[in-house]
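Student: Handing you this structure, nothing more for now.
Read-outs: derived from the displayed coordinates by stated rules, not from any lab. The structure displayed is predicted, hence computed values, not measured ones. Cβ sites come from the backbone with ideal geometry, for glycine too, and all protein chains shown count toward neighbours.
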Amino acid sequence: MTDEITRTEALLNLARQFQLSELEWQEEGLRIFIRREGTPAEVVATPGVPVPAVSSAPCVSAQATLIELRAPMTGVFYRAPSPDAPPYVEVGDFVEQGQIVCLIEAMKVFNEVPAERSGRVVEICASSGQLVEQGSVLFRLEPEEESE
């Protein structure tokens, strides 16, 4: 166990030193995965252990006028159609009702998630590659009638 802690600390230092957004290390039944996208680092010490899901609690206190776009299913959240493609939306973008804003992968199927209403994106509450539960807040929008 001490070797695992030492290895994890060394990998954390390496990720910080080179400002890596993700780092994964696997050897002899040990898997360490570190992500640095404004979320706490995750360390998984055993293969097959599920990654903790994002709770359905808000990521910050919501204003009454904002629309919350929630995950329609449990799965892995992706902001872009592929790793090398730009995200579907960024904070500040205006989205139309029905516009695709992200993907959720469930059971090896990528499901497009459309905006339920038009509005300006004011907050992105999940990180790409993060497991989200059904009902988790993914985005907050300022409604169309108030964003103009």
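Student: Relative contact order of the stretch 67-147: what whole-number percent is it, with Cα pairs under 8 angstrom and at least 6 residues apart?
Tutor: Dividing the mean separation by the residue count of the stretch 67-147 yields 40 percent.
Student: Using the Karplus curve 6.51 cos²θ - 1.76 cosθ + 1.60 with θ = phi - 60°, what ³J(HN,Hα) values do you get for each residue of the stretch 105-118, in whole Hz, with x for Gly and Pro?
Tutor: So the J values, rounded to whole Hz, are 8, 9, 6, 6, 10, 8, 10, 6, 10, x, 5, 7, 9, 7.
Student: About the Cα centre of the stretch 67-147, how large is the charge dipole given +1 on each Lys and Arg Cβ and -1 on each Asp and Glu Cβ? Please answer in debye to the nearest 20.
Tutor: That gives the stretch 67-147 a dipole magnitude of about 320 debye.
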